[in-house]
Amino acid sequence: MIEIGTEVELFHPPARVWRALTDTAYLTKWFVETAPAADAPDRLLLRTAGLPGFDADVEATVVERQAPERLVLHCQEGDRQTVLTCTIAPTSHGCRLSLYEMLEQGEWNDAQGDRRAEQHEQALAVRLPAILDWLAFQQVDLRRAEGGLTAELPVVRLLGDGRARTRRLWAVVIGALACLALLVGAGVWATRRPAAQLPDTTPQSAPLVLPSATSRAPQPTPTRTAAAASRHSPTPTPTPTPTATPSRAPSATTPAAPALTASYETVSDRLFGYRGAVTITNPGSAAKDGWTVLVTLGARAEIGNVNGADGKQNGQVVTFTGPAVPAGGSRTFRFDVRDPDASATAPAGCTIDGAACAGL
């Protein structure tokens, strides 16, 4: 087999598909982990070693680039050389993406070629549409008043034809006049002058006098004098004055144990998520127990499997605790993250006992 070909129909415009093909952040999500070369912007390193149909990582160099129609890469995989051609053709419902890989040097056996073709088809038919759907959702603007995409929707006429509109217009005018008349009548009634009130001829009653001749004036309550109170109160006992106790001489302070340090690393990147690892190092001479690592995830991200520690998520923050870290040694735990943001490849933050982790 000297050529592998795959073709898919996509319900997305060519420009969006081109972005998913050429942006390394999105290429990593739907195809394979990709890293651009520092010294050559047109050279990419594809981490394909271990994938079905691949023997090693692929060094890809862009030899032709016609946005958004055609992309040609020269691929070097060990002793094997291939040319990978991606063609985007617009259709009535979106576009058609064709991918062909032709062998120039080296060889494939039938089994290896079949596995490689299955890998390409899985990436183009399953993972790529998921990334494109996510990109389409990110570009939707629901703010109609600011001229977003929804402002282009057709306006539905609710009033029907001209005669129906005329009849409804007269009904609205008559209803408005009736409401105005009601408001004017209510205003006149509310502002009318009140009728004159008749004078009250009933004489006011004289105030009722409560005291009588048989009433007794309140008697004053006898008050104990200070002298009498002093005869019956006990004599206070004098309080002994405390004697100052000589303080001990300050003892020598014990030096604090060195603090734990931690570093973060993204072990693998995947579609809508990643796997992270945190390595805790103990530089001290005694085992350190009771450590806490706080990892801050992106919005709507969720923690998955955790190995080597106990994890508990509260909002965007995940609290990790685990066994003691041996003296002069280290301990590593790993965790999976499900993140709907296709461009997320690492958490937003990481601390150990309040100190920032290295690597972020």
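For segment 49-60, what are the residues that are β-branched (Val, Ile, Thr) and modelled with pLDDT under 90? Matches in segment 49-60: none. Looking only at residues of segment 85-112 that are outside any strand (DSSP E or B) and touching a strand residue (DSSP E or B) at 6+ places or on another chain (Cβ under 6 Å), we find that the one that is least open to solvent (accessible area, probe 1.4 Å) is Gly94. State whether one or more residues within segment 265-285 are closer than 30 Å to Val126 by Cα, surrounded by 15 or more Cβ atoms within 10 Å (Cβ to Cβ) and β-branched (Val, Ile, Thr). The answer is yes, given that some residue of segment 265-285 is closer than 30 Å to Val126 by Cα, surrounded by 15 or more Cβ atoms within 10 Å (Cβ to Cβ) and β-branched (Val, Ile, Thr).
Of all residues in segment 314-340, those satisfying the criterion of being open to solvent by 60 Å² or more (accessible area, probe 1.4 Å), farther than 18 Å from Ile280 by Cβ and either at pLDDT 95 or above or not basic (Lys, Arg) (or both) are Asn314, Gln316. Restricting attention to segment 44-82, the residues being without any contact (Cβ under 8 Å) to a residue 24 or more places away in the chain, within 34 Å of the chain's Cα centre (by Cα) and surrounded by fewer than 18 Cβ atoms within 10 Å (Cβ to Cβ) number 4. When segment 1-43 is filtered for residues that are within 26 Å of the chain's Cα centre (by Cα) and of a type in the set (Lys, Arg), the ones remaining, listed by number, are Arg16, Arg19, Lys29.
The values are calculated or read from the model by the stated rules, or taken from the named source; none is laboratory data. This structure is a prediction, so every number in the text was calculated from the model and none was measured. Note: ideal-geometry Cβ built from the backbone for every residue, glycine included; neighbour counts use all protein chains shown. When the accessible area is computed, the model is the full protein with side chains, heavy atoms only, and any ligands, DNA or RNA have been set aside. Shrake-Rupley method; radii C 1.70, N 1.55, O 1.52, S 1.80 Å.
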